[in-house]
Amino acid sequence: MSKINVVQIGLGGVGSGIVNEILKTPNLKLVGVVAFRPEKIGQDVGILLGLPKPANIIISSSIDDILNEHHVDVVLLATSKGKLHACEEEITPLLKRGINVISPCMDVSDPHLYDAVATRRIEAACQEGSSAFVGIGSTQLVLRSLFALCETARDIKEVRSFVHADVTKFPLESKRHEFGIMLTVDDFNSASENNELRGRGALMKEAEYIANRLGLDFDQSISRYDPIIQGDTVIGVDHIFEVFKDDARVVSYTYRFIEDKDHQYFHQFDVDSTPSINARVGFSLDRGIEGTIVPMVKAIDPVFSATPGILMLHDLPAGIVRHPFKTT
């Protein structure tokens, strides 16, 4: 069976994990890696990542150099450019060349939710090159789990999705800058009032997507931060996204980022429906990063085989892999 030729762009925590996963997957062939830090360029990626043996892949500073040397089927894009427009600049030239692209960036999953015009440009690039594009990562898998549960429900009135994420091992500056964690209460309030917290603002569209997919009409959406305080220090924050119809809440989507002494990571789903649904799914602490690495690699085969165009989350098969059926 011929292998799928893959290039990884970005070699941080997620990118390094993707490289490891690709090298272990029999039907995939890593033909190139692009990094942006000068000290990584020119090194064998296997040696850089401390693998048992060299991978015989020299890290490049340019995707063009790799494309000039190899036929490439799929590019995995794991860089810091997490916004749709920044991602679009990188992916459209690849899509036009007939190269399929997978990205974990937050607002490139179901991009029509964020920018219909940019989405049409990306779709046009896919059609021009007969290529496919999908955005998927750990956050989007929350929605896939919720929708799977709701397959058994009718007469849905309200959906509550809650993610509890221990951030003890996150870099301190990241916790402070993104969520206001480990700031004093006064500093947190100031950062919040001045819109300085990055949080997970893109999840507002995800909350509306839940309502749309489950047939819940709405006319208003709001978000807010609720700090979790210990003494005079913010040890966690609930970033809450709510969707309403006539002042009645139909969706509540909460991400809790917290310095959790019990080191918990779980999803909690509650659905007011017939039958009602209450489910909690627990994870080990590597869920965050592995929840991005693994689905991206699993998506390679379905994306490579897909009809040209933008794939939405519901287009991907259960488990994000195409399992061959066995007959007796």
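The table below gives the values:
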item: Boolean, GLU259 is at negative phi and buried (at least 18 other Cβ atoms within 10 Å of the Cβ); result: yes
item: Any hit, region 26-44, residues being part of a helix (DSSP H, G or I) and either crowded, with 20+ Cβ neighbours inside 10 Å or at pLDDT 90 or above (or both); result: no
item: Among residues of region 279-303, those that are among the aliphatic types (A, V, I, L, M) and crowded, with 20+ Cβ neighbours inside 10 Å, counted; result: 6
item: Those residues of region 1-33 which are of a type in the set (S, T, N, Q) and either out of contact with any Gly (no Cβ under 8 Å at 6 or more places or on another chain) or without any contact (Cβ under 8 Å) to a residue 60 or more places away in the chain (or both), in sequence order; result: SER2, ASN5, SER16, ASN20, THR25, ASN27
item: Members of region 294-314 that are within 23 Å of TYR209 (Cβ to Cβ) and assigned to a helix (DSSP H, G or I); result: VAL294, PRO295, MET296, LYS298, PRO302, VAL303, LEU313, HIS314
item: Count - residues of region 257-292 that are modelled with pLDDT of 95 or more and more than 16 Å from LEU141 (Cβ to Cβ); result: 9
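Conditions tested, residue by residue: (1) outside the structural domain of LEU214 (by TED's automatic domain parsing); (2) closer than 28 Å to LYS169 by Cβ; (3) among the hydroxyl-bearing types (Ser, Thr, Tyr).
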{"position": "PHE244", "(1), (2), (3)": "no, no, no"}
{"position": "ASP247", "(1), (2), (3)": "no, no, no"}
{"position": "ARG256", "(1), (2), (3)": "no, yes, no"}
{"position": "ASP262", "(1), (2), (3)": "no, yes, no"}
{"position": "PHE266", "(1), (2), (3)": "no, yes, no"}
{"position": "THR274", "(1), (2), (3)": "no, no, yes"}
{"position": "ASN278", "(1), (2), (3)": "no, no, no"}
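The values are calculated or read from the model by the stated rules, or taken from the named source; none is laboratory data. As the structure is a prediction and not an experimental result, all values here were calculated from the model. Cβ: placed from backbone, ideal geometry, glycine included. Neighbour counts: every protein chain shown.
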